[in-house]
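Each remark here refers to the structure printed beneath this line.
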Amino acid sequence: MQTSKNKIVKNVSMLYLLNIAKMVFPLVTLPYLTRVLSVETYGVVSYVKATMQYMQLMVDFGFMLSGTKAIVLVLGKQDEINREIGNIFVARLILCLFAFVILIAAMIFIPILNQNMLYTVLSFVTVFLTVFLMDFYFRGIEKMEIITIRFVVMRGIATLLTFVVVRSDADILWIPILNIIGSMVAIVLVWIQLKKLNVKICPDGLRSAVKKLKDSAVYFVSNMATSAFGALNTLLIGIFIDPVNVAYWSVCAQIIGAVQSFYTPIISGIYPQMVLSKKRSIIQKTVKIFLPIIAVGCIFTFLVAKEALLIVGGAKYTEASYLLRLLTPVMFFGFLSMIYGWPTLGAINKQKQVTATTVTSAVFQVLVLLVLIGLNCFNLISDVC
């Protein structure tokens with residue numbers, strides 16, 4: 001039991017370092033980019049980033065959960081691990097092709113993407129390269145430190161070089177190029193680790209890869225529904241409003257996302273142990289510890305919204321403080337949604353129930369957004385006309 005507790009503590013600690021890095025790197029570059037880029041250009045950068053979140057979801061296809069679970073269930077059997085990794089690898093390559101076709105269609109019909117095709121395609125390359133990082137495997141064997149190190153290296157390179165080469169709107173192509181460079185370095189580090197762990201890519205064939213896609217579909221649908229709030233709103237704002245409002249929305253959403261990034265280590269840290277033990281007490285203790293802290297954080301964010309935007313985005317973004325205040329409940333309810341989802345129901349083989357709840361909420365949101373668009377009432381706060 002003590003070993004199990006130690007693993008959870010270690011995993012959560014490493015994932016906290018990872019998510020601190022995920023929060024710090026964007027927040028370091030955010031004040032710089034909002035100052036050297038015009039609001040309109042930063043709106044383009046944010047819009048393409050939101051589009052890539054959907055592309056990433058397609059390429060991941062829930063394998064961060066289903067793949068992790070598959071690895072956990074075959075621990076100690078290296079040949080089976082190699083086959084699992086190989087089949088998932090082929091499945092994700094198929095997904096990359098499908099996602100790129102979808103992206104081409106989007107670039108044809110969405111003006112903001114059509115006007116920035118090269119930037120959009122270069123941004124997709126980074127999504128494609130994630131196929132080679134094998135995060136699900138390292139989560140499955142509970143080697144979270146490998147994931148943390150490669151991310152810090154990858155994002156650290158891109159972040160440092162951003163301050164060197166991005167000086168104005170004319171330099172925005174460097175943003176995806178630097179991400180590609182960082183990803184390539186991370187891939188080299190990851191594959192060195194895979195070799196040390198005697199991991200080989202041994203797919204069973206196309207049929208097995210397709211079966212993996214079918215098995216992971218329920219996770220994908222749930223993850224897609226969960227992500228609908230942030231990314232879908234950004235996409236629609238870019239289509240129906242203007243890049244300035246995309247920028248306002250994105251800066252506020254990034255602050256909320258930075259706070260929510262602290263939840264991921266908790267969720268990912270307890271998930272492997274919940275798969276093995278299925279003890280509800282793990283979830284109950286976690287909620288009792290963290291929910292009061294999150295509530296205090298929501299109140300604090302509400303009170304200092306204007307000051308936070310002044311620090312993060314500069315004076316030209318303080319007009320969006322009302323928006324940040326309206327978004328603070330997302331931080332509170334988001335934690336409950338995340339922890340009672342896959343770490344709880346998913347770990348006890350209730351995947352369909354998790355998917356049903358997330359899809360229902362996503363469908364409701366989409367329907368409301370469509371009604372607002374139809375009534376010509378769609379704006380940042382969707383005031384009643």
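Rule-based calculations on the coordinates, nothing more; no lab input. These numbers come from a predicted model, not from an experiment. Cβ coordinates were reconstructed from backbone atoms using ideal geometry, including for glycine residues, and neighbour counts include every protein chain displayed.
To make sure I understand, if each residue's beta carbon is the centre and we count other beta carbons within 10 Å, what order do S250, S261 fall in, fewest to most? All intermediate terms of the calculation are to be shown ahead of the outcome.
On the way: S250 29, S261 18.
The order, fewest Cβ neighbours first, is S261, S250.
Report the Cα-based extents of the chain along its three principal axes, largest first, to the nearest Å.
In descending order, the Cα extents are 57, 44, 40 Å.
Give the cross-link partners of K212 among the lysines, using a straight C-alpha distance below 22 Å as the criterion and excluding same-chain residues fewer than 8 apart.
Here the lysines satisfying the reach criterion relative to K212 are K69, K77, K200, K350, K352.
Charges at C-beta only: +1 for Lys and Arg, -1 for Asp and Glu. How large is the resulting dipole of the stretch 2-374 about its Cα centre, in Debye rounded to 20?
My answer is approximately 1380 debye.
What spacing in nm lies between the two simple spin-label points modelled at K211 and K285, each 7 Å away from Cα in the Cβ direction?
3.8
Might you report the magnitude of the Cβ-based charge dipole of the stretch 1-147 about its Cα centre, with Lys and Arg at +1 and Asp and Glu at -1, to the nearest 20 debye?
360
Determine the shape class of the stretch 90-229: with a ≥ b ≥ c the square roots of the Cα gyration tensor eigenvalues, call it rounded for a/c under 1.5, and otherwise prolate if a/b is greater than b/c, oblate otherwise.
Oblate, because a/c is 1.5 or more while a/b does not exceed b/c.
Any chance you could run the full-extension gain for T360 through I181? It's 0.36 nm times the residue separation minus the Cα-Cα distance, nm to one decimal.
60.5 nm
How about K10: which lysines have a C-alpha closer than 16 Å to its C-alpha, ignoring those fewer than 8 places off in the same chain?
K143
To make sure I understand, if each residue's beta carbon is the centre and we count other beta carbons within 10 Å, what order do M58, M184 fall in, fewest to most?
M184, M58
Each label point is 7 Å from the Cα along the Cα-to-Cβ direction; what then is the distance between the points at A170 and N198, in nm?
With each label point 7 Å from Cα toward Cβ, the separation is 5.7 nm.
Would you mind calculating the gained length between E145 and L326 on full extension (0.36 nm times residue separation, minus the Cα-Cα distance), in nm to one decimal?
61.6 nm
Taking other Cβ within 10 Å of each residue's Cβ, how do M274, M23, M144 sort, fewest first?
Details: M274 21, M23 18, M144 25.
Arranged by neighbour count, lowest to highest, M274, M23, M144 become M23, M274, M144.
Considering Cα pairs under 8 angstrom that are at least six residues apart, work out the relative contact order of the chain and quote it in whole percent.
27
What does the helix-only formula give at 222 nm for the chain: each DSSP H stretch with n ≥ 4 adding -39500 (n - 2.57), the total divided by the residues, and the result rounded to the nearest 500 deg cm²/dmol? Present the calculation step by step, with values, prior to reporting the outcome.
Details: 17 runs with 306 residues, N = 385.
Dividing the helical sum by the residues of the chain leaves -27000 deg cm²/dmol.
Compute the helix-to-body angle for 243-260: its Cα long axis versus the longest principal axis of the chain, expressed 0 to 90° and rounded to tens.
Taking the Cα atoms of the chain, the angle to 243-260 is about 40 degrees.
Cut-off under 18 Å on the C-alpha distance; same-chain residues fewer than 8 positions from K195 excluded. Which aspartates and glutamates are left, in chain and number order?
By straight Cα distance, K195 reaches D79, E80, E84, D135, E142, E145.
Given a Förster distance of 41 Å, report the FRET efficiency between L93 and E40 from their Cβ-Cβ distance, rounded to the nearest 0.05.
Approximately 0.70, to the nearest 0.05.
Distance in nm between label sites at V188 and L160, each 7 Å beyond Cα in the beta-carbon direction?
About 1.4 nm, to one decimal.
If I stretch the segment between K10 and Y340 completely, what's the gain in nm (0.36 nm per residue apart, minus their alpha carbon distance), one decimal?
116.6 nm
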